[in-house]
Structure formats: structure tokens, C-alpha cells
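**Student:** Got a structure for you, written out below as C-alpha cells; questions coming shortly.
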Amino acid sequence: MTTTHPFGSAWLALEDQVAVVTGAASGIGAAVARSLADAGAKVALLDLDGQGAETLASQLRSQGRSAIAIECDIASEGSIGKAAKRVADELGACSVLVNNAGMLRAGGLADVSLDAWNQVLAVNLTGYLLCARAFSKPMREARRGSIVNVASISALHPQTGSGAYSASKAGVLLMSRQMAVEWGPLGVRSNAICPGMIRTALSATFYEEPGFEARRAQVTASRRIGEPQDIADAALFLASPRSAYVNGAELVVDGGMSSMLMDMVPRPGFNRTPAD
């Protein structure tokens, strides 16, 4: 899939910039990597699924884009260090980081195992910190760069049965603002995206259930489920110099779902149907 931008890729001023995307083998990460490559950036696709990342990188190269794949465990400081060296050696100094890799382990606060809790935080929160430290180093030295941290609406609204995930994503939001405060004076911006319900490989089976998609779409103002490209477009803007004065922000991309609370409260004669 190739993305066409209405103002052309030059408008984004990302040509020849070095961008790193974690969790880039599929879903949101893959869409972000494609969009950055289409905008002319040299993209490093990091993922624990090295083969999946290589498959996408090969596709991008066949289209004339600049892309490399790196198998990387973002919960490992050593693995990130090796990835950072390879990016520097093969592509140059990083100027864009999209922290996207994540994981979910089901379980409420009363019963989630400590191992599962620690595993989720190690990837979703500590992993973001480790990547930001490693890949922002050349940004801080050059006094320019952008970090985009993919969080979740679960960071803003409690979700039964996924306490570790929600807590980790809430941590991402505060840490993203902390990065903005600490590194903003050094020319490095840090912003977060909170995706709503996005159709990815992990959730694809949900939508096979009859009526499921319609019920989910009903609780969004846009009356549809989001696609990975919806998040990629937001990430592309935040990564580019076009958002130069956006720093420490949290962008909710959920089709208006977070504005639907009062419409979900039963009110005879007032509630609207999905078609309205």
C-alpha cells in the first residue's frame, strides 16, 4: 500500500531524514514505516519479528524506498544498543523515533501475575525509555529531532481486565511529557498519540463475529473503526517539522469515541442510532 499525501511528500520536509520505528513488522508500526518511507525518509524497521520486518523492508526497497530491518527486543538495553549502532552505521544519525512496539497480557489488578505485569511494563514503558535514550542521543547532539510515543486511549480511561496495559500506557503519556520538558531545550520534541479502536492483525478475529464491528462503530462519533493508516497520518505530522511548535502534546485519534460518554447514557427520546 502506498500513501499519497495531498500536498506531496516535500511538504513534510522528511526527505532523507533517518527514522526509526519500533514494532514495525505489522499493524500501526508497518503503516507508520510505509508512510515515512513514502515521504522520503530513510527508515529502520525494528521488531522482535525480524523476518516480518525484513519482508516489509524488502517491499519498500523494491518500490525505491530506503529501508532496513533490524530484529530487536526493546526490553533489552543491549539489543537496542546494537540496533542504534547499526542504524547509525547504515543510515546515519537518527532524527525521528516512533515508539510503537507494545504488548498486552490480560488480567485485572487483583489477579494479573507479577511476571505478566513486569513483562508488559518492560516492553510498553521501559522499552520506550530505552529506545528514546539511545535514538535521541544524536538528536540531542544535533539539537533537532522528533519522538512520537504511541500510547492508547486506555491510558486515559480504565479498561477492565487489562490493568497492566492501561497503567503502562498512562506511564507513556507522562514520560512523553517529561521527555519534552527535559529535551525540548535541546531541540528534541516529544509527543504522544492515543489511538482508539484500530483494526490490526491482533484484533482482526474480533470483527469476524457478526454485528461486532457495527456495535463498536456505534460508540464512535465517526461511526467507523480506525485503520492503521489513521494513526500513521497523525504520526507523520508529529514526526515532521510541520509540527515544529507541538511539544509535550497528547493527540487522541479515536474517531471521537472519547466524546461519546453522554450519548452512551440511556435517554429516552434523545439517543441516536448508528445511522443518524
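**Student:** Using a basic spin-label model with each label point 7 Å from the Cα along Cα→Cβ, how many nm lie between residue 233 and residue 51?
**Tutor:** Here the answer is 3.4 nm between the modelled labels.
**Student:** Expressed in nm to one decimal, what extension gain is obtained for the pair residue 267 and residue 76 from 0.36 nm per residue of sequence separation less their Cα-Cα distance?
**Tutor:** 63.7 nm
**Student:** On the principal axes of its Cα set, how long, how wide and how thick is the chain? Give whole Å, largest value first.
**Tutor:** 62, 46, 38
**Student:** What is the set of long-range amide H partners of residue 162 at a cut-off below 5 Å, with H atoms built 1.01 Å from backbone N?
**Tutor:** Amide H to amide H, under 5 Å and 5 or more residues apart or across chains, residue 162 pairs with 107.
**Student:** Given Cβ point charges of +1 (Lys, Arg) and -1 (Asp, Glu) and nothing else, what value in debye, to the nearest 20, does the dipole of the range 11-264 about its Cα centre take?
**Tutor:** Roughly 600 debye for the range 11-264.
**Student:** Assuming 0.36 nm per residue, please report the length gained on full extension of the stretch residue 143 to residue 260 beyond their Cα-Cα distance.
**Tutor:** The span from residue 143 to residue 260 would gain 38.1 nm if fully extended.
**Student:** Let me ask something additional. Could you work out [θ]222 nm for the chain from helices alone, using -39500 (n - 2.57) per DSSP H run of at least four and dividing by all its residues? Round to the nearest 500 deg cm²/dmol.
**Tutor:** -12000 deg cm²/dmol
**Student:** Residues with beta-carbon under 11 Å from that of residue 145, excluding residue 145: net charge, scoring Lys, Arg +1 and Asp, Glu -1?
**Tutor:** +4
**Student:** Okay, moving on. Suppose R0 equals 45 Å; then what is the FRET efficiency for residue 160 and residue 86 from their Cβ-Cβ distance, rounded to the nearest 0.05?
**Tutor:** 0.65
**Student:** Kindly write out, for the range 116-132 in residue order, the coupling ³J(HN,Hα) from the Karplus curve 6.51 cos²θ - 1.76 cosθ + 1.60 (θ = phi - 60°), rounded to whole Hz, with x marking Gly and Pro.
**Tutor:** Using θ = phi - 60°, the values come out as 5, 4, 5, 5, 5, 5, 4, 8, 6, 10, 4, x, 5, 5, 4, 5, 5 Hz.
**Student:** If you don't mind, there's one more thing I want to ask. Estimate the FRET efficiency between residue 206 and residue 15 by the formula 1/(1 + (r/R0)^6), using the beta-carbon distance for r and 35 Å for R0, to the nearest 0.05.
**Tutor:** For residue 206 and residue 15, the calculated efficiency is 0.35.
**Student:** Additional query: Give the cross-link partners of residue 85 among the aspartates and glutamates, using a straight C-alpha distance below 15 Å as the criterion and excluding same-chain residues fewer than 8 apart.
**Tutor:** 71, 73, 77
Taken together, the values in this text are just the output of simple stated rules run on the coordinates, not laboratory data. Source: prediction; values computed, not measured. Backbone-built Cβ (ideal geometry, glycine too); neighbour counts: all protein chains shown.
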